[in-house]
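What follows is a set of notes on a single structure, which appears directly below.
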Amino acid sequence: QIQDAWIRKIFTGRGDVTVEVELTVEDVATGDILVARAAAPAGASRGAHEVLYFPEGGVDAAMAAFEKLVAPEIVGLDVTEPYTVDGKLEEVDGTPRFERIGGAVAIATSFVAAEAGAAALGVPLYAFLGGAYARKLPLPLGNVIGGGKHSRRLGPDIQEFLVIPLNPPDVYTAVYTNVEIHKRVLKHILKVDTTFTGGKNDEGAWTPRISSVTALRILKEVAGEVGRELGVEIGLGVDMASSSLWNGEKYVYKNEGVERSPREQLDFVSKLVEEFDLVYVEDPFHEEDFQSFAELTERFKDRLIVGDDLFVTNPERIKQGGKMKAATGVIIKPDQIGTLLRTHQAVSTARDFGMRIIVSHRSGDTEYRTLAHIAVGLGAEVIKTGIMGGERTTKLNELIRIGEYLGKWAKISQIRRL
Ligand code: PGA
Ligand code: ZN
């Protein structure tokens, strides 16, 4: 049972203010008092259909809402059934977008209820969420070169240039593959941008002034080299975060000096997929254009064509996309939808349509490791959490620990290049 509940303001790695919720609960076996904590991450290229991050009045209004509406209602609830806490959040807020308490309060409360439930029972969070047989480890998808909003629009126009090991033998090798690519890429960047001083963006990706195509050329070369050395097949990907490029009529590539109509965007993306053998394409079109997503998916059924801002972890939007065959993968960001219960519904809807699950961080994230457990608990094929920087590596290091803990029972996802 929840004994007490607190909230405080803390910061993400980017310096955004966010909220951390703390609960005290009893250990089921010993009756000892345990403390659990969790925090909400914060996005920069947020989808229009996400829950409202803070209610009107900002973080202080969110804190007040927690203290007035949430804390008195959750004290006394049983955290070994954390969905009762999630249900209570629905009840006290009463709006689909968590407009009264805010999505940050909702997700931090939902996370901490699960953390507390696991702690009270003395089991790891991933097992608490996924059951005793949760043993599939996701492949890490990481950001190596970055542009777009995460680079203050000073780099390439595409937001993220990504790598993913496709058939690593274990999670340590998978993470090592990404780290090694990230390190080696610097030398190659310096050949084309001699003024580059080694700057990294919000997610720890290098942020040079180069074009998107140059970024992909570099990645292809380095991934090929590292892949041959480590005996791991490596796929390339992009998150185009296209809603950030879309001006209502065209996709504007400001730094690269190009504008593309939706049709031209479709051709451009298709060309990139073919030229660089991309296995992963996130948000190639803006967040309302299910139709273009479906056309691209029709062309590349064997690739991960993934909706982030398109779906915003919302079961209804995922269902709409599923019916239209708009994507082969779904980004799952629990904070986009507000609770783990809703997240679970989103994942099961995606599964109904055969879509793969990519559990993802936000560009403003915290030192919390919760996401690694959620990815394993939900049986996600992929975890997207950057490669470098404390708030990214903490999740990857936790994944390595979970892999070690599971030992020979661990099973790492494999993605076949078809
Ligand atoms: P965010 O975006 O800045 O909203 O976290 C990350 C992403 O687009 O995947
Ligand atoms: Zn995205």
- Query: Can you find a residue in segment 122-142 that is within 23 Å of residue 258 (Cβ to Cβ) and either touching a strand residue (DSSP E or B) at 6+ places or on another chain (Cβ under 8 Å) or within 16 Å of ligand 1 (Cβ to nearest atom) (or both)?
  - Reply: no
- Note on the structure: For residue 104, the lone unmet condition from (1) farther than 30 Å from residue 200 by Cβ; (2) touching a Ser or Thr at 6+ places or on another chain (Cβ under 7 Å); (3) among the small types (Gly, Ala, Ser) is (1)
- Message: Go through segment 296-317 and report how many residues are within 13 Å of residue 347 (Cα to Cα) and more than 15 Å from ligand 2 (Cβ to nearest atom).
- Response: 2
- Task: Check whether at least one residue in segment 76-87 is more than 16 Å from ligand 1 (Cβ to nearest atom) and closer than 15 Å to residue 7 by Cβ, and report yes or no.
- Result: yes
- Item | Filter result (within 16 Å of ligand 1 (Cβ to nearest atom) and among the small types (Gly, Ala, Ser)) within segment 307-336 | 307, 327, 329
- Considering only residues of segment 347-372 that are charged (D, E, K, R) and in a helix (DSSP H, G or I), which is nearest to ligand 2 (Cβ to nearest atom)? 351
- Task: Evaluate the following for residue 235: is it under 20 Å from residue 389 (Cβ atoms) and away from ligand 2 (no atom under 16 Å from the Cβ)?
- Result: no
- Message: Test of understanding: among 179, 144, which residue is within 16 Å of ligand 2 (Cβ to nearest atom), closer than 15 Å to residue 386 by Cα and either more than 17 Å from the chain's Cα centre (by Cα) or crowded, with 24+ Cβ neighbours inside 10 Å (or both)?
- Response: 144
- Task: Collect the residues in segment 85-104 that are surrounded by fewer than 16 Cβ atoms within 10 Å (Cβ to Cβ) and within 30 Å of residue 31 (Cβ to Cβ), keeping them in residue-number order.
- Result: 87, 91
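Restricted to segment 403-416, and to residues that are touching a Lys or Arg at 6+ places or on another chain (Cβ under 9 Å) and part of a loop (DSSP other than H, G, I, E, B), which residue is modelled with the lowest pLDDT? Write out each step before concluding.
Taking segment 403-416 as the starting set, the residues that turn out to be touching a Lys or Arg at 6+ places or on another chain (Cβ under 9 Å) are 406, 409-413, 415.
The next check asks that each one be part of a loop (DSSP other than H, G, I, E, B); those that pass are 410, 413, 415.
Details: 410: 94, 413: 95, 415: 90.
My answer is 415.
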- Qualifying residue in segment 243-266 (condition: small (Gly, Ala, Ser), touching an Asp or Glu at 6+ places or on another chain (Cβ under 7 Å), more than 16 Å from residue 213 (Cα to Cα) and surrounded by 20 or more Cβ atoms within 10 Å (Cβ to Cβ)): yes
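The values are calculated or read from the model by the stated rules, or taken from the named source; none is laboratory data. Bear in mind that the values here come from a model prediction, so they are computed numbers and not experimental data. Heads up, the Cβs are rebuilt from the backbone with ideal geometry, glycines too, and the neighbour counts pull from every protein chain shown.
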